[in-house]
Amino acid sequence: MKAGLIVKLIEAHSSGNESIFEKALLDLSSDEERKGNSSIALSLKKAYSSDKKPLASLSDSPISNMSYSAQGIASIPKDKDSTLELVDVMQSTVKLSDVALNEKTFEVLNQIIDEQKKAADLLRKGITPTNRVLFCGPPGCGKTLAANALAGELGIPVAYVKLDGLISSYLGQTGTNIRKIFEFVKNKRIMLFLDEFDAIAKKRDDSHELGELKRVVTTLLQNLDAMPASVFLVAATNHHHLLDPAIWRRFDVSILMELPNQQQRVMIISKFLKECLEGYSIDANVITVLTDGMSGAQICSFMQSLAKHCVMNEVDPDNVLMEDIANVWLKHTTLFVSENSEGYIKALSELSKNGVPMRTLEKITGIPKSTLSYRFNKEVKPDGRE
Ligand SMILES: Nc1ncnc2c1ncn2[C@@H]1O[C@H](COP(=O)(O)OP(=O)(O)O)[C@@H](O)[C@H]1O
Ligand SMILES: [Mg+2]
């Protein structure tokens, strides 16, 4: 292997910029390919495993037969003024089993995947498969992850629309950018993913907005109407109540991704324990109870803190205590709350209600049990009485 290319790869890694790293890796792989070392070239691409892989690394994927290599990164549309790219095209490796879904959503997504797999057969018979999906719901509940899972299950690339490039400061340019994106995906077997969809699909009667937004939404509607059935459109928003009413009709199905229920939390926690805390005996039930009300993203972040705590404090894997879990939970939940404040005591009281013994709370906070009991009893009742 060329030393120069390896140095570039290491430099790219150190820069922390993923796309530079991908480019350096592809250069190295192409160089090996040119030298006839196909298996090394392939191993290099395969070794690069993240949730998303760049389009250019798809030569070993079945869809490469569908002229994707010809499509090339060079043809990616750009904003005229800023020259920022309007989409990132990636291959997803996420599977539906990676997403903790409630039963109903799991069924709906499976049905969509089945229809999309048979899209060509259905289209030949004049039937359009479900190909316009809208994910709604609070942040961190798996909308982006589910979109990636749909693409991963189907083995089709995803064109992620980049809002920084799309939304132009120049009048009329945003509409032109929308047209360019739809033009780009038109003849491709691809998922078009519009994340933070409300940014371009807001109600046109919003009095704070100028005429530009109206034109953007109208352009979007026109392009949605003209979009061929071969394109799989997925949009996601945390603010579905802001969407223009005319937008809703353009989707076959809208899916609300809510805070994970108990069963979903068990799934997220068990997966994390298996992947990052294997060998540690941890009571998953306690964590399931304590993460009630958290989003999937918050649960993952809590689990990461727990894993860090176990490693940094050299916690005995056979003896992870309630104290360890409660300690991490408290730090996580009261990150921006000062100790001894009402919020802090409320969090401790929550732990107590969920079965954490008073002596454990005393140990992790240094506050005597008697003071804690007194403060818990003093907690403000919902009607404002003490
Ligand atoms: N339902 C879920 N199942 C598994 N992991 C989840 C779920 N929801 C969130 N996560 C975790 O949180 C991260 C962020 O979720 P994301 O899909 O970006 O949320 P959203 O798009 O709804 O804001 C995911 O990458 C995943 O690690
Ligand atoms: Mg998202």
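The values are calculated or read from the model by the stated rules, or taken from the named source; none is laboratory data. None of these values were measured; they are calculated from a predicted model. As a convention, Cβ positions derive from the backbone with ideal geometry for all residues, glycine included, and neighbour counts pool all protein chains shown.
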> Going by the conditions given, is Gly140 in a helix (DSSP H, G or I) and either within 13 Å of ligand 1 (Cβ to nearest atom) or polar (S, T, N, Q) (or both)?
Replying inline: no
> Which one is farthest from Ala119 (Cα to Cα) among residues in segment 151-200 that are in a strand (DSSP E or B) and in contact with a Leu (Cβ under 6 Å, 6 or more places away or on another chain)?
Replying inline: Val161
>> Looking at Glu314, Glu323 in this structure, which one is in a loop (DSSP other than H, G, I, E, B) and either away from ligand 2 (no atom under 16 Å from the Cβ) or among the hydroxyl-bearing types (Ser, Thr, Tyr) (or both)?
In response: Glu314
>> If Leu233 satisfies all but one of (1) assigned by TED's automatic domain parsing to the domain that holds Ile113; (2) within 11 Å of ligand 1 (Cβ to nearest atom), what's the number of the condition it fails?
In response: (2)
> Take the residues of segment 218-243 that are outside any helix (DSSP H, G or I) and small (Gly, Ala, Ser): which is modelled with the lowest pLDDT?
Replying inline: Ser230
> within 16 Å of ligand 2 (Cβ to nearest atom), farther than 24 Å from Met227 by Cα and not charged (D, E, K, R): does that describe Ala149?
Replying inline: no
>> Given the criterion crowded, with 18+ Cβ neighbours inside 10 Å, away from ligand 2 (no atom under 16 Å from the Cβ) and among the small types (Gly, Ala, Ser), identify the matching residue among Gly211, Gly165.
In response: Gly165
> Would you say Ile299 is touching a Pro at 6+ places or on another chain (Cβ under 9 Å), among the aliphatic types (A, V, I, L, M) and assigned to a helix (DSSP H, G or I)?
Replying inline: yes
> Within the group Met257, Met267, which residue is touching a Gly at 6+ places or on another chain (Cβ under 6 Å) and either more than 30 Å from Ile113 (Cα to Cα) or not charged (D, E, K, R) (or both)?
Replying inline: Met257
